[in-house]
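First comes the structure, then the notes that go with it.
The values are calculated or read from the model by the stated rules, or taken from the named source; none is laboratory data. This is a predicted model, so every value here is computed, not measured. In this analysis, Cβ positions are derived from the backbone assuming ideal geometry, glycine residues included, and neighbour counts consider all displayed protein chains.
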Amino acid sequence: MTVNDTSDSAGGGASTHFGFRSVAEDEKAGLVRGVFASVAARYDLMNDLMSAGVHRLWKDAMIDWLAPRPGQRLIDVAGGTGDIAFRFLARAPGASAVVCDLTEPMLVRGRARAEAERLGEALGWVVGDAMALPFPDASFDVYTIAFGIRNVTRPERALAEAFRVLRPGGRLMVLEFSRVPVPALAWAYDRYSFNVIPALGQAVTGDRASYQYLVESIRRFPDQESFAAMIRAAGFGLVNYRNLTLGVAALHSGWKL
């Protein structure tokens, strides 16, 4: 399955997907921004409810495989309220991190968390687009993106930007929902995703449509092997992935050699 539908839209421009809808490419970022601005106040709570807290274990597994080292500089793209950056800094004395996200209300909540935990000096917060990062070449040792790349209009551009801003020897790590390989489990997961999650989103955030989009966006994302091939195509070496919770999510790793 391809990530983007780039056929001509009715207006003559390229189109892509927004969940199961086809939209003009230049509209998608605004739609995604609207989704996360709408749910920012209860985003972290919804993550806990939707996954029964398992997303915390996935993020811990991401940091375990990443094995942060003292003094490294991280960019966490689509970093929202800072879950990955906080974990990274806790494991790497003297390290620093920048959280970059398209949606300012998510960053505002993350900054408040950082101030409460007295991490302000080690953390930066930047509004930015994964496809055009506002940083010079070779600026970071580590690039992470957790549950964000499927929302990017052109994920291949985001991967190219990751390669650009990493220093030689730098590491990319992506945590994303993926494809459950066992048909019976995939069926059960689909029933839960489409019947429970949007209803839960309505009850907790008052926004069913945003969580309907999130469920649909997962189904449009490539399977593990296809996404690994995209990472290789961006120039990364030693590309590998690990399934989490029977393939509900997957960790992808690559190196700028």
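Got at least one residue in region 130-150 being assigned to a loop (DSSP other than H, G, I, E, B), surrounded by fewer than 17 Cβ atoms within 10 Å (Cβ to Cβ), modelled with pLDDT under 95 and among the hydrophobic types (A, V, I, L, M, F, W, C)?
Scanning region 130-150 turns up no residue that is assigned to a loop (DSSP other than H, G, I, E, B), surrounded by fewer than 17 Cβ atoms within 10 Å (Cβ to Cβ), modelled with pLDDT under 95 and among the hydrophobic types (A, V, I, L, M, F, W, C).
Restricting to region 17-59, give me the number of residues that are within 18 Å of the chain's Cα centre (by Cα) and either closer than 18 Å to MET131 by Cα or of a type outside the set (A, V, I, L, M) (or both).
Residues in region 17-59 being within 18 Å of the chain's Cα centre (by Cα) and either closer than 18 Å to MET131 by Cα or of a type outside the set (A, V, I, L, M) (or both): 23 in total.
Look through VAL204, VAL180, VAL215 and report the one residue that is among the β-branched types (Val, Ile, Thr) and outside any helix (DSSP H, G or I).
VAL180
Go through region 61-116 and give me each residue that's polar (S, T, N, Q) and under 16 Å from the mean Cα position of the chain (by Cα).
THR81, THR103
What's the total number of residues in region 160-188 that are within 20 Å of LYS59 (Cα to Cα) and of a type outside the set (Asp, Glu)?
Residues flagged as within 20 Å of LYS59 (Cα to Cα) and of a type outside the set (Asp, Glu) within region 160-188 amount to 11.
Could you check region 78-100 and list, in sequence order, the residues that are touching a residue at least 24 places away in the same chain (Cβ under 8 Å), outside any loop (DSSP other than H, G, I, E, B) and more than 15 Å from TRP125 (Cβ to Cβ)?
Hits for region 78-100 are ARG87, ARG91.
Within region 126-163, how many residues turn out to be in contact with a helix residue (DSSP H, G or I) (Cβ under 6 Å, 6 or more places away or on another chain), under 15 Å from ARG73 (Cβ atoms) and without any contact (Cβ under 8 Å) to a residue 40 or more places away in the chain?
Residues flagged as in contact with a helix residue (DSSP H, G or I) (Cβ under 6 Å, 6 or more places away or on another chain), under 15 Å from ARG73 (Cβ atoms) and without any contact (Cβ under 8 Å) to a residue 40 or more places away in the chain within region 126-163 amount to 1.
So, in region 24-58, exactly how many residues are among the β-branched types (Val, Ile, Thr) and at pLDDT 90 or above?
Here the count works out to 1.
I'd like to verify a number: residues in region 208-257 that are surrounded by fewer than 18 Cβ atoms within 10 Å (Cβ to Cβ), at pLDDT below 95 and more than 21 Å from LEU185 (Cβ to Cβ), how many?
2
Quick one: which residue in ARG232, ARG191, ARG167, ARG220 is among the basic types (Lys, Arg), farther than 28 Å from ARG33 by Cβ and touching a residue at least 24 places away in the same chain (Cβ under 8 Å)?
Of the residues listed, the single one that is among the basic types (Lys, Arg), farther than 28 Å from ARG33 by Cβ and touching a residue at least 24 places away in the same chain (Cβ under 8 Å) is ARG167.
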